[in-house]
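I have placed the structure first, in the form of structure tokens, so that the comments after it can refer back to it.
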Amino acid sequence: MRTGATSIKKYSMELGGNAPVLIFPDADLDVAADIVCGVKFNNAGQICVSPNRVFVHQDVLEEFTAQAVAKAQNAGVGWDKTADILTGPVIDGRAWARLKGLIDGAAAGGAQVLAGGDRPGDLPDGHFLAPTVLGNVTEDMDVYRQETFGPIVSIIPFDDDTDLDRMANDCDEGGLTAYIFTRDLALAEDWAARLRYGEVQINGVKYDIDLPHGGIGQSGIGHDCSTLALHDYLVIKRITRALPA
């Protein structure tokens, strides 16, 4: 935008965000773990809507964490379209070093590296990072504050006394996508209204040409997909005509 500010222009930008995931005690944990780990480890987590901060209620923390760790350990890593591989390389060495720094910084601050955390042992070359699960992530850690854009699942425990509303919406990176897992439809709708994100996915993930895609704040300007995307290419023109005397 700074580069383009030589004249008045319209902008349409779909950016990322520090997506929260809210996993409540009555959630289907199989579904939650499949979606969180699938979107997080696929394409090495380099997806704009990829989950970043996974808030898990204490009542189901142990079970969800165990599932996430198992999926991280069993995810194939490499670069072979004919093999059963889920996680490829990150984009370059600079990205790898940044992600490794986030992991090491979190561990130094008290987080637990429950899976991954470094280069896979059988892949000494290339920009590969083993699918990683971090436990006991806290608000003061960079891995919590930043959009990771990598295969790192950061688990933050919460209970009924946690200020979850503030924490979920505390996002300097902007609000693109949020995820909710619960069987309680009223609870899901209540939280969908509270979350300041352009998209809220409840118990699943759905993208389609008819569904608007876009965020708020630092997550971009405008939307793609759906008829709303046409607004970025149109200009309102008003025509008035005086009535005869």
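Worth a mention:
- Looking across segment 171-207, just one residue is over 15 Å from Ala27 (Cβ atoms), touching a Ser or Thr at 6+ places or on another chain (Cβ under 9 Å) and open to solvent by 60 Å² or more (accessible area, probe 1.4 Å), and that is Glu173.
- Verdict on Ala75 being touching a helix residue (DSSP H, G or I) at 6+ places or on another chain (Cβ under 9 Å), at pLDDT below 95 and among the aliphatic types (A, V, I, L, M): yes
- Filter result for the condition that a residue is exposed (fewer than 13 other Cβ atoms within 10 Å of the Cβ), assigned to a loop (DSSP other than H, G, I, E, B) and of a type in the set (A, V, I, L, M, F, W, C), over Ala97, Ala83: Ala83
Matching residues to (1) more than 21 Å from Pro120 (Cα to Cα); (2) among the aliphatic types (A, V, I, L, M):
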site	(1), (2)
Ala5	yes, yes
Glu14	yes, no
Ala27	yes, yes
Ala33	yes, yes
Cys37	no, no
Gln46	no, no
Ala72	no, yes
Leu86	no, yes
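- Which listed residue, of Val60, Val21, Val49, Val54, is open to solvent by less than 50 Å² (accessible area, probe 1.4 Å), touching a residue at least 24 places away in the same chain (Cβ under 8 Å) and in a helix (DSSP H, G or I): Val60
- Scanning segment 63-80 for residues that are open to solvent by 30 Å² or more (accessible area, probe 1.4 Å) and not in a helix (DSSP H, G or I) yields a count of 3.
- Condition check for Leu211: in contact (Cβ under 8 Å) with a residue 12 or more places away in the chain, among the aliphatic types (A, V, I, L, M) and either touching a Pro at 6+ places or on another chain (Cβ under 9 Å) or exposed (fewer than 15 other Cβ atoms within 10 Å of the Cβ) (or both): yes
- Inter-residue pairs, beta-carbon under 8 Å, first closer than 23 Å to Val113 by Cα and assigned to a strand (DSSP E or B) and in segment 151-164, second open to solvent by less than 30 Å² (accessible area, probe 1.4 Å) and of a type in the set (Gly, Ala, Ser), 6+ apart: Ile152/Gly45; Val153/Ala68; Val153/Ala72; Ser154/Ala106; Ser154/Ala111; Ile155/Ala68; Ile155/Gly135
- Condition check for Glu173: within 22 Å of Gly204 (Cα to Cα), at pLDDT below 95 and part of a loop (DSSP other than H, G, I, E, B): no
- Restricted to segment 105-128, and to residues there that are in contact with a Gly (Cβ under 7 Å, 6 or more places away or on another chain) and assigned to a strand (DSSP E or B), the residue that is least open to solvent (accessible area, probe 1.4 Å) is Leu114.
The values are calculated or read from the model by the stated rules, or taken from the named source; none is laboratory data. Small disclaimer: the values here were computed from a predicted structure and weren't measured. Glycine also receives a Cβ, built like all others from the backbone with ideal geometry; neighbour counts cover every protein chain displayed. Heads up: the accessible areas ignore ligands, DNA and RNA and are worked out on the full protein's heavy atoms, side chains in. Shrake-Rupley method; radii C 1.70, N 1.55, O 1.52, S 1.80 Å.
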